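Scroll down for the structure; my scribbles are underneath it.
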2 protein chains.
Amino acid sequence: MKSTAKAAAHPNIAFIKYWGNKDHDLRIPANGSLSMNLEGLETQTTVSFDTSLDQDQLILNGEPGGEEALDRVSSLLDRVRELAEIETRAQVLSENNFPTGTGIASSASAFAALTLSAVTALGLCLTEKELSQLARTGSGSASRSIPGGFVEWQAGTDHDSSFAKTIAPPEHWALVDFIVLVSQEHKKTGSSQGHRIADTSPFQEVRVADTERRLDICRKAVLEKDFQTFAGIVELDSNMMHSVMMTSDPPLYYWQSGTLEIMAAVQSWRSEGLPVCFTIDAGPNLHLICPAQASEAVKRKLSALVNVKSVLTCTPGGPARLLEPEITGV
Amino acid sequence: MKSTAKAAAHPNIAFIKYWGNKDHDLRIPANGSLSMNLEGLETQTTVSFDTSLDQDQLILNGEPGGEEALDRVSSLLDRVRELAEIETRAQVLSENNFPTGTGIASSASAFAALTLSAVTALGLCLTEKELSQLARTGSGSASRSIPGGFVEWQAGTDHDSSFAKTIAPPEHWALVDFIVLVSQEHKKTGSSQGHRIADTSPFQEVRVADTERRLDICRKAVLEKDFQTFAGIVELDSNMMHSVMMTSDPPLYYWQSGTLEIMAAVQSWRSEGLPVCFTIDAGPNLHLICPAQASEAVKRKLSALVNVKSVLTCTPGGPARLLEPEITGV
């Protein structure tokens, strides 16, 4: 017997970032975060529970997934199997239309799509909140790729209170996110490992304590489409996270020389009146955010920079969605 | 009547850095700091109090000093005049044997040399502690260029309690400081202005509160010549200061792409067993510190990097010293 479903989800870019956990196993974050889903990039995942399998299988972009990735996928599937009260193993086929492991949070879209497809394949009927909670256990930021548009993940204190929800739909604010790739190297220290050492930075505690303030400013700026305020708080939050990273033990350096050059360029463009700001995840690449009406100008500026390897263009994206429900019974 | 003295002082490199003030006018620092004087670089300053002058004059490296520099020099001279109970104006001739305004703290050596020469010219007999206090009012880090060798500046709470003293003489530890110039541009935001906005960073308070811990580790590492511990705390402290800078309002970015490349190179060299670490002041240039026995290897590594514009080589330096006492009466 076989039971299959296919789902898609977008990665997201955090404006107020997630770094560090209260509970590593459940991925209860140290602080709340706020993000935008990225239309233009997505992971499509097909999950087939199959009674003929004696273990889970993972195919990532056409290749067998590594042991570590498979373990992480199996852990998520175990939670879904527990809910469905079955033990059937599954085959997972996952495809990204964007490069993995370069600071574009592929694990967010991957675990959001996996969660939705696995749950659907087993005929479970979960709310968005429950899907977000479940996705969170696979990859924290995946909780934010379940709802659509502009999304806030409330940190919470336990599995039940930690989930994300939409604060504004994708069409609320026509922002463009240019993902500027300065390096396609696979990052040296993955986020999961980084979250574990966040507390070794003398700055993590105050970064966490200050989060409500930043969230309030950012949420208000998004709701009011106040780009100047938005730009200031987004860059501050990014710098605060990288400060924690660079002062942790061991220190984590994600910026490269190209990163810093583009950060400086963005500062200078904004000081000349172009509405654009940067934010940087756990990798060397930058997300440049601007209102749609400034996007042609930003693109022109970007094309003149030598350090830019390539640029991906995204707009606010919708929620994780089902592509193929083919439930044939387990 | 004319009364002249000439003094010399070295700049210093802080291992635990000074950033932010409790009192801006008196330059009572937010936190204590620890540094090494830099033999190989110095400022030589001649002060001539001259009853025929109706205002102070400043000649910096053969050129008339700007108004702002002159004001700062006059303020220091006013304090000295107050001590001597005279009002005679002075001509100040100051020469650096190194480029100014590129993150090599020229104001430290300048105000240390100015203090010693001015005080001597007026026949005042001050202790090292009093000279350090006085130099501090001209430029905070100048307090550390008065004593010799490895120096700790205790923050204190007022003029009397805030001064620097030697914790070990220059010959205690044969360190080499390679000052790696990646840019000779004059920095956009000077330190005095930067100190004023340090408190706008969410991280400054915890950086200050954590200083005693870092000072203890660094002081012990210097006294025990424990390079591994020294390297870790020096890089952490530098990153903590730059974190405060980059998260202040407005954010201050001193690192350039070349800075970041050399930071990464140093990390990688150390991980391969070469004892060397970096520290960066309020500018793009780096100080690479290593034990003398590793200096040839570090120099070879540096010569292979394309972003290095030039390198200055320093060793632990002595105290500010008198060159020409020519007191002829005021």
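The values are calculated or read from the model by the stated rules, or taken from the named source; none is laboratory data. Predicted model, so just to flag it, every value in this text is computed and none were measured. Virtual Cβ from ideal backbone geometry, glycine too; neighbours counted across all protein chains shown. Only protein heavy atoms, including side chains, enter the accessible area calculation; ligands, DNA and RNA are left aside. Shrake-Rupley method; radii C 1.70, N 1.55, O 1.52, S 1.80 Å.
With each label modelled as a point 7 angstrom along the Cα→C-beta vector, the B:T157-A:L323 pair spans 6.7 nm.
Scattering from the stretch A:138-239 was approximated by placing one identical point on each alpha carbon and applying the Debye formula without solvent; log10 I(q)/I(0) at 0.12, 0.13, 0.22 1/Å stands at -0.52, -0.62, -1.51.
Going by Cα centres, the stretch A:92-157 and the stretch A:173-231 are how many Å apart? So the separation of the two Cα centres works out to 18 Å.
One quarter of the convex hull surface built on the alpha carbon atoms of the protein assembly as shown amounts to 30.8 nm², the projected area averaged over directions.
Ascending distances from the A:H172 label point to its copies in the other chains, with the point 7 Å along the Cα-to-beta-carbon line: 5.8 nm. When +1 charges are put on Lys and Arg Cβ atoms and -1 charges on Asp and Glu Cβ atoms, the dipole computed for the protein assembly as shown relative to its Cα centre reaches about 620 debye.
Considering only A:I104, A:L134, A:S75, and ranking their Cα positions along the charge dipole of chain A that arises from unit charges at the beta-carbon of Lys, Arg, Asp and Glu, the one farthest toward the positive end is A:I104. Take each residue of peptide B:261-270, count the partner chain Cβ atoms within 10 Å of its Cβ, and average: the result is 2. Sum up the charges of everything whose Cβ sits under 9 Å from the Cβ of B:W153, counting Lys and Arg as +1 and Asp and Glu as -1, but leave B:W153 out. Local net charge: +2.
Of the residues B:S143, A:L124, B:A174, the one whose Cα sits farthest towards the positive end of the charge dipole of the protein assembly as shown is B:A174 (charges of +1 on Lys and Arg Cβ, -1 on Asp and Glu Cβ, taken about the Cα centre).
Take the Cβ-Cβ distance between A:E205 and B:K299 as r, set R0 to 51 Å, and report the resulting FRET efficiency rounded to the nearest 0.05. Between A:E205 and B:K299 the formula returns 0.80. Partner shielding of B:247-256 amounts to 4, given as the average count of beta-carbon atoms from other chains within 10 Å of each residue beta-carbon. Between B:N97 and B:L223, the simple label model (points 7 Å from Cα in the Cβ direction) yields a spacing of 3.3 nm. Magnitude of the charge dipole for chain A, about its Cα centre and with charges confined to Cβ atoms of Lys, Arg (+1) and Asp, Glu (-1), is about 800 debye. Summing charges over all other residues whose Cβ lies under 13 Å from the Cβ of B:E171, with Lys and Arg as +1 and Asp and Glu as -1, gives 0.
Among B:G66, B:G194, B:G32, the largest mean-square fluctuation in a Gaussian network model of chain B (Cα springs under 10 Å) belongs to B:G66. Here the extension length gained between A:E87 and A:D216 equals 42.1 nm, from 0.36 nm per residue of separation less the Cα-Cα distance. Simple spin-label estimate for A:S271 and A:I59 gives 5.3 nm between the two label positions (7 Å along the Cα-to-Cβ direction from each Cα). Working from Cα positions, state the angle (0 to 90°, nearest 10) between the long axis of helix A:128-138 and the longest principal axis of chain A. Orientation of helix A:128-138: about 90 degrees from the principal axis. Note on A:D25: accessible area approximately 110 square angstrom, rounded to 10, probe 1.4 Å, nucleic acids and ligands left out. Within the shell defined by Cβ-Cβ distances under 13 Å, the residues around A:R207 carry a net charge of -2, with Lys and Arg each +1 and Asp and Glu each -1. Helix A:227-246 and the longest principal axis of the Cα set of chain A meet at an angle near 70°.
Between A and B, buried accessible area from a 1.4 angstrom probe totals roughly 1800 Å², ignoring ligands, DNA and RNA. Taking every protein chain into account, the accessible area of chain A amounts to 39 square angstrom per residue (probe 1.4 Å).
Taking only the Cα atoms of chain A, the ratio Rg/Rh comes out at 0.97, with Rh defined as the Kirkwood radius.
Can you give me the Cα centroid spacing of the stretch B:263-330 and the stretch B:1-60 in angstrom? A separation of 21 Å, based on Cα centres. Look at the dipole of the stretch B:203-280 built from charges on Cβ: of B:N239, B:M263, B:P275, the Cα furthest out on the positive end belongs to B:P275.
Distances between equivalent label points of B:D199 across the copies, with each point positioned 7 Å along Cα→Cβ, amount to 3.2 nm, shortest listed first. What is the pair-distance distribution P(r) of the stretch B:1-158, computed from all Cα-Cα distances in 10 Å bins starting at 0, with each bin given as a whole percent? It works out to 12, 44, 35, 9, 0, in whole percents.
With a threshold of 19 Å on the Cα-Cα distance, the over-threshold entries among B:K17/B:K220; B:K165/B:K220; B:K129/B:K165; B:K129/B:K225 are B:K129/B:K225.
For chain B, the longest principal axis of the C-alpha atoms and the axis of helix B:67-84 are separated by about 60°. To put it simply, the accessible area of the protein assembly as shown at a 1.4 Å probe is 49 percent carbon and sulfur. Legend: mean number of C-beta atoms from other chains within 10 angstrom of residue C-beta atoms, peptide A:233-241, equals 3. Derived scalar couplings between HN and Hα for the stretch B:270-281 equal 5, 5, 8, x, 7, x, 7, 9, 10, 8, 10, 8 Hz in order, rounded to whole Hz, by the Karplus curve 6.51 cos²θ - 1.76 cosθ + 1.60 (θ = phi - 60°), x for Gly and Pro. Taking a ≥ b ≥ c as the square roots of the eigenvalues of the alpha carbon gyration tensor, the stretch B:189-330 is rounded, as a/c is under 1.5.
Only DSSP H runs of four or more residues enter the estimate; each adds -39500 (n - 2.57), and after division by the residues of chain B the mean residue ellipticity at 222 nm equals -11000 deg cm²/dmol. Partner lysines whose Cα lies under 16 Å from the Cα of A:K299, excluding those fewer than 8 positions away in the same chain, are identified as A:K309.
What separates the A:E95 label point from its copies, with the point 7 Å along Cα to Cβ, is 7.4 nm, written shortest first. Backbone N atoms of the stretch A:1-30 closer than 20 Å to the 7 Å Cα→Cβ label point of A:H172 belong to residues A:10-18.
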